[in-house]
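Remarks on the structure that follows.
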Amino acid sequence: ASRPTFSVEMDPAPAVTFPADSIYLTGKAVTYSGVPVVNACVTSKVNFYAGFWGWRGDAIEKVLKDTLYTDAEGRFKVGISLQPLQEDIQYGASITLDVDVLSQLGETEQGNITVRMSSRPYVLNGNVLARQDKDALRTWIFGLYSSTGAKVDGDIVCRILEGKDTEKARLVVPANKPVTPDELKTLPSGTYKVVAEYVHDKDTARYEQKIE
């Protein structure tokens, strides 16, 4: 096969201010000697995912975009509706854009970008199993992320509640690090609710999980 003569470079995604109904992603096709690839045919596919890490689940929607052409600078712009993510965007969602650029000489090169976004400043999730074994405790991790899916350091206040929200134990744990909930060893068997919260100024992120 002949060696590629150009590459497709995607620009960093713009910040999205919510409420927002669309995002525009841009890129350019340029030869290895720095010359724009003009009037090349751009076809693209968008996958929408619930959650920041889309590859862990199936896309909730796939959209093929209309064909575009690169301009005199080899640039292109793809407009993407955020409508498929309206249900999920507060908890974090992601988009992947895959583009194929076909030059007038018949060569095709690819570009792609993943964009993570949330309509909230912080997103907190956890991996707390519903069934806990006091004799073989599994670690808990509370993942704390910014609105663009970047990990955030911080303290998570985790409360273990019983019945009508009677607090039975409280622990303060670092975000994004495994912790062993030794407090469970002293609690009688039963059903509890784990409520984890991160507070920063006026913003709060929350995660809940029932355990037994």
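Of the conditions (1) of a type in the set (Ser, Thr, Tyr); (2) open to solvent by 20 Å² or more (accessible area, probe 1.4 Å); (3) closer than 30 Å to Pro19 by Cβ, Ser118 satisfies every one except a single condition; which number is it?
(2) is the only condition that Ser118 fails.
Here are Val30, Val38, Val42, Val46: which of them is open to solvent by 50 Å² or more (accessible area, probe 1.4 Å), in contact with a Ser or Thr (Cβ under 8 Å, 6 or more places away or on another chain) and not aromatic (Phe, Trp, Tyr)?
Val38
Restricting to segment 170-212, count the residues that are among the β-branched types (Val, Ile, Thr) and under 26 Å from Ser146 (Cβ atoms). Before you say what the answer is, go through the steps one by one.
Pass one, segment 170-212, residues among the β-branched types (Val, Ile, Thr): 172-173, 179-180, 186, 191, 194-195, 199, 204, 211.
After this cut, where a residue has to be under 26 Å from Ser146 (Cβ atoms) as well, the list is 172-173, 179, 194-195, 199, 204.
The total comes to 7.
Write out, first by first residue and then by second, each pair whose Cβ atoms fall under 6 Å of each other, whose residues are 6+ apart or on separate chains, and whose first residue, in segment 167-179, is farther than 12 Å from Ala196 by Cβ while the second is among the β-branched types (Val, Ile, Thr).
Listed by first residue and then by second, the contacts come to Lys168/Ile160; Ala169/Ile160; Pro178/Thr139; Pro178/Ile141.
Which members of segment 190-212 meet the condition of being out of contact with any strand residue (DSSP E or B) (no Cβ under 7 Å at 6 or more places or on another chain) and either surrounded by 15 or more Cβ atoms within 10 Å (Cβ to Cβ) or under 16 Å from Asp155 (Cβ atoms) (or both)?
Val199, Asp201 - these are the residues of segment 190-212 that are out of contact with any strand residue (DSSP E or B) (no Cβ under 7 Å at 6 or more places or on another chain) and either surrounded by 15 or more Cβ atoms within 10 Å (Cβ to Cβ) or under 16 Å from Asp155 (Cβ atoms) (or both).
Going by the structure shown, is Leu68 modelled with pLDDT of 95 or more, under 14 Å from Ile95 (Cβ atoms) and out of contact with any Ser or Thr (no Cβ under 7 Å at 6 or more places or on another chain)? Before the answer, list the steps.
Working: modelled with pLDDT of 95 or more: yes; under 14 Å from Ile95 (Cβ atoms): no; out of contact with any Ser or Thr (no Cβ under 7 Å at 6 or more places or on another chain): yes.
So Leu68 does not fit the description; no.
Only one residue in Leu97, Leu161, Leu129, Leu124 is at pLDDT 90 or above, in contact with a strand residue (DSSP E or B) (Cβ under 8 Å, 6 or more places away or on another chain), in a loop (DSSP other than H, G, I, E, B) and not aromatic (Phe, Trp, Tyr). Which one? Walk me through it before giving the result.
Details: Leu97 fails: in a loop (DSSP other than H, G, I, E, B); Leu161 fails: in a loop (DSSP other than H, G, I, E, B); Leu124 fails: in a loop (DSSP other than H, G, I, E, B).
Of the residues listed, the single one that is at pLDDT 90 or above, in contact with a strand residue (DSSP E or B) (Cβ under 8 Å, 6 or more places away or on another chain), in a loop (DSSP other than H, G, I, E, B) and not aromatic (Phe, Trp, Tyr) is Leu129.
Take the residues of segment 155-189 that are of a type in the set (Gly, Ala, Ser) and open to solvent by less than 20 Å² (accessible area, probe 1.4 Å): which is farthest from the chain's Cα centre (by Cα)? Break it down stepwise before answering.
Here is the first cut: in segment 155-189, the ones of a type in the set (Gly, Ala, Ser) are 163, 169, 175, 189.
After this cut, where a residue has to be open to solvent by less than 20 Å² (accessible area, probe 1.4 Å) as well, the list is 169, 175.
Details: Ala169: 31, Ala175: 17 Å.
Here the answer is Ala169.
Under 7 Å between Cβ atoms, which residue pairs at least 6 apart in sequence (or on different chains) link something in segment 147-160 that is at negative phi with a partner that is open to solvent by 50 Å² or more (accessible area, probe 1.4 Å) and in a loop (DSSP other than H, G, I, E, B)?
Listed pairs, sorted by first residue: Ser147/Arg120; Ser147/Pro121.
For segment 138-148, how many residues meet the condition of being at pLDDT 90 or above and assigned to a loop (DSSP other than H, G, I, E, B)?
Residues that pass the stated criteria total 3.
Kindly list the number of the only condition in (1) in a strand (DSSP E or B); (2) closer than 30 Å to Pro84 by Cβ that fails for Asn176.
(1)
Across segment 1-14, which residue is surrounded by the most Cβ atoms within 10 Å (Cβ to Cβ) among those that are over 15 Å from Ile80 (Cβ atoms) and of a type in the set (A, V, I, L, M, F, W, C)?
Looking at the filtered set, the residue picked out is Val8.
Check segment 195-212 and report whether any residue there is assigned to a loop (DSSP other than H, G, I, E, B) and touching a residue at least 24 places away in the same chain (Cβ under 8 Å). Lay out the reasoning, then the answer.
Pass one, segment 195-212, residues assigned to a loop (DSSP other than H, G, I, E, B): 201-202, 212.
Still in the running and touching a residue at least 24 places away in the same chain (Cβ under 8 Å): 212.
Yes: segment 195-212 contains one or more residues that are assigned to a loop (DSSP other than H, G, I, E, B) and touching a residue at least 24 places away in the same chain (Cβ under 8 Å).
Please verify whether Gln104 is farther than 20 Å from Gln209 by Cα, touching a residue at least 24 places away in the same chain (Cβ under 8 Å), part of a loop (DSSP other than H, G, I, E, B) and not β-branched (Val, Ile, Thr), treating the condition exactly as stated.
Details: farther than 20 Å from Gln209 by Cα: yes; touching a residue at least 24 places away in the same chain (Cβ under 8 Å): yes; part of a loop (DSSP other than H, G, I, E, B): yes; not β-branched (Val, Ile, Thr): yes.
So Gln104 passes the test.
Gln83 fails exactly one of the following numbered conditions: (1) in contact with a strand residue (DSSP E or B) (Cβ under 8 Å, 6 or more places away or on another chain); (2) among the polar types (S, T, N, Q); (3) under 18 Å from Ser119 (Cα atoms). What is the number of that condition?
Gln83 satisfies every listed condition except (1).
The values are calculated or read from the model by the stated rules, or taken from the named source; none is laboratory data. Keep in mind it's a predicted model, so treat the numbers as computed, not measured. Cβ: placed from backbone, ideal geometry, glycine included. Neighbour counts: every protein chain shown. To get the accessible areas, we keep the full protein, side chains included, count just its heavy atoms, and leave off ligands, DNA and RNA. Shrake-Rupley method; radii C 1.70, N 1.55, O 1.52, S 1.80 Å.
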